[in-house]
Amino acid sequence: MTESGVPGNGGQSMELPCGEERSIHELDMGLREIDCRCGETHAVVMDMHPLSRFVPEFLVEILTETVEPAEDDREEFTTAHLMAIVMEEFPEEMAVADVAEDGAVGYALVWVADFDSRRLHEIVVELLVELMEHAVSHAEDDAVMDQFEQEMLEFDVSEFVEQYRAQRDFESEHDTPI
Ligand SMILES: [Zn+2]
């Protein structure tokens, strides 16, 4: 982020990866992506979005049980940790704003990607699979490792994302805001 993108007081704005600016107050909690003046659609993630936005509950459980965010950190794995990993992989394509001071928006951190929400979803699932592989490989149980590898051989990220999004979109009609 360049200096011009650093949010000031009052009407905060953030600089998006494409260089456009967006007022924080235009990014409300239900938003998953935005149409930008640059012509692209950018994925939007807030820290209060549950991990189940991207993966089913049973995988969220595996993640929170097996993956520790850092050696000295006993916290559960959260969306904020996930997005930190995405930013590490795609530093140029991600922007983040800390809006914890702004009580009006209902979230503390917001990320905007250069790519759309579908592409972000695929990236997230790929990174989570890698993360779980790593965690499972440290479990000293070859049977677990074998089973996991077997399942992953048959795992198609793109197909999974397609199906999961269709399902979640359907469910979201009945979802109520958190
Ligand atoms: Zn843009």
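Readers should treat all values here as calculations from the given coordinates under stated rules, not as data from a laboratory. Fair warning: this is a prediction, and the values are worked out from it, not measured in the lab. Counting neighbours? That spans all protein chains shown, and the Cβs are built from the backbone with ideal geometry, glycine included.
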- Message: Going by amide H atoms built from the backbone, whose H comes under 5 Å of the H on Val110, apart from near neighbours?
- Response: Ala97, Val99
- Item | Label-point gap, in nm, between Glu21 and Glu130 - each point 7 angstrom along Cα→Cβ | 3.4
